[in-house]
Amino acid sequence: MLAKRNDGQAHRIGLITSKKKLRRAVDRNRFRRVAREVLRSHPLAEGLDVIFMVKQAPAELHTAGLYHQLNDQLTRLVAKLP
């Protein structure tokens, strides 16, 4: 996951999901939906440009664990931003 502050108030999102990492379209779409929901529900005042990348297939793709994992990563990433 990569993030950078932008000048606007709206968040922009980039999703990188490859067929090599997530074979089924159902899995790729599930990951995209969860990633969008994490960014939408995260309490951020300023706008961010966030890129979600799948490096390896998550073990908890069809559970609430994926949401919590992405939310924790985003929280840590935002804390590191200047």
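The values are calculated or read from the model by the stated rules, or taken from the named source; none is laboratory data. In this text, all values refer to a predicted model and were calculated from it rather than measured experimentally. Cβ atoms come from the backbone with ideal geometry, glycine included; neighbour counts cover every protein chain shown.
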- Message: Please go through the stretch 58-70 and give me each residue that is among the aliphatic types (A, V, I, L, M) and either within 28 Å of ARG5 (Cβ to Cβ) or surrounded by 13 or more Cβ atoms within 10 Å (Cβ to Cβ) (or both), ordered by number.
- Response: LEU61, LEU66, LEU70
- Can you name every residue in the stretch 1-37 that is assigned to a loop (DSSP other than H, G, I, E, B) and under 20 Å from ALA79 (Cα atoms)? MET1, ASN6, ASP7, GLY8, GLN9, ALA10, HIS11
- Taking only the stretch 56-80 into account, find how many residues are outside any helix (DSSP H, G or I) and either at pLDDT 85 or above or acidic (Asp, Glu) (or both). 1
- Task: Identify the residue in the stretch 19-57 that is in contact with a Gly (Cβ under 8 Å, 6 or more places away or on another chain) and closer than 17 Å to ASN71 by Cβ and, among all such residues, is surrounded by the fewest Cβ atoms within 10 Å (Cβ to Cβ).
- Result: ILE51
